[in-house]
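*Asks:* Structure provided below as structure tokens; questions to follow.
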Amino acid sequence: MKGILILILAAAVGYLSYEYAYPVLANYVKFEKHKKEVAVAPAPAPVVKKEVAVVEPPKPKMEPKPEPPKPMAPEPKPEPMPEMPKPVVDPNAFVAPALPSLEERTENWSKLPASAFPRPVTIKRDLTLSMKMGANTASTQVKAGGTMIARGQDGLNILVSPTETSPMKASVALDDTNLKEILNAGYENWKVTYIASLKRAHEYRLAAAERAKNAPASTKGSTAKAGNDKPTKDKDGTYPLLIASMKSGQVTEIKPDSIKEWSDPVLEEGIWKVNVKYETMTMFGKFDTEAQAQIKNGVVEKWIYTGSGEVVP
């Protein structure tokens, strides 16, 4: 046991000598082999600074300030248009009347004047004419393009026959004949003639007034012959002499109740002239017409149309 303790003590002395005494001696004699290596801590790795690129925020784009609006030059005022001289209206000029269309006159063809019949017309479609003969019925065919006689109106249709006296009749639509075309053509021609007659009557009145104004003073208000007195006017504006002429049948177209206007008598070349405006019936309806009564020595010699100079029937 004593030997073991000695061994332990020797080992401890040896260890302590090796740890503490031997390094001093080895360092003295420069004995590198047994020099205890001193662990050197590795140098720290260099810190690499990361370069951070500093990006400046984009500067706000400055919009150019709008320039203040330039004061607009005042628009040149348009020069005032020179006033056009107003046309001189001749107070004596003839003004043609506005005449209605035939459709208006006939109320869209529903009321044809009696003077439109009888009249030959052309049929535009095949037609069957029939006639009662006791208990039987006789009929005949009329082809399109054939001619018939329009004898009257049946509502919106017209009655046609082969002749004016034939007992056979048929009702046919107005548009299935050429009656509209016939009446329209006649109406247009009549309007031209009628307006021309009104214009001539107007010119006649102007000429008569001019002659009366320029007549010698010795003849104004006098008569050409003894007994050729000026026709007298009644209190209601009519002339008894002219009324008597109408009632006696000297003129049939002019009726006292159709006269709208009576003129004052004018003496020309020994004849007293009185114009009357009256309403007359034509095949196209009622229209105003003018006629003249010519009087000499207290007698109505004749009635004439002031436009054409023709004798009024």
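The values are calculated or read from the model by the stated rules, or taken from the named source; none is laboratory data. Please read these numbers as outputs of a predicted model, since none were measured by experiment. Reconstructed Cβ throughout: ideal geometry from the backbone, glycine too, with neighbour counts over all protein chains shown.
Residue by residue, here is whether (1) touching a residue at least 40 places away in the same chain (Cβ under 8 Å); (2) in contact with an Asp or Glu (Cβ under 8 Å, 6 or more places away or on another chain); (3) in the same structural domain as Thr128 (by TED's automatic domain parsing) holds:
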{"position": "Arg151", "(1), (2), (3)": "no, yes, yes"}
{"position": "Thr163", "(1), (2), (3)": "no, no, yes"}
{"position": "Leu183", "(1), (2), (3)": "yes, no, no"}
{"position": "Tyr187", "(1), (2), (3)": "yes, no, no"}
{"position": "Ile195", "(1), (2), (3)": "yes, no, no"}
{"position": "His202", "(1), (2), (3)": "yes, no, no"}
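*Asks:* Filter region 87-127 down to residues that are in a loop (DSSP other than H, G, I, E, B), β-branched (Val, Ile, Thr) and surrounded by 11 or more Cβ atoms within 10 Å (Cβ to Cβ), then give me how many there are. So that I can check it myself, show each step before the final result.
*Replies:* So the first thing to find is which residues in region 87-127 are in a loop (DSSP other than H, G, I, E, B), and the list is 87-101, 106-113, 117-118, 124-126.
Filter once more, so that each one left must be β-branched (Val, Ile, Thr): 88-89, 95, 106.
From what's left, surrounded by 11 or more Cβ atoms within 10 Å (Cβ to Cβ): 106.
Adding up the residues that qualify gives 1.
*Asks:* Looking only at region 231-279, how many residues end up being surrounded by 13 or more Cβ atoms within 10 Å (Cβ to Cβ) and part of a strand (DSSP E or B)?
*Replies:* Within region 231-279, residues that are surrounded by 13 or more Cβ atoms within 10 Å (Cβ to Cβ) and part of a strand (DSSP E or B) number 14.
*Asks:* If you take the residues in region 280-306 that are part of a strand (DSSP E or B) and out of contact with any strand residue (DSSP E or B) (no Cβ under 7 Å at 6 or more places or on another chain), which one is farthest from Leu102 (Cα to Cα)?
*Replies:* The extreme case among them is Val299.
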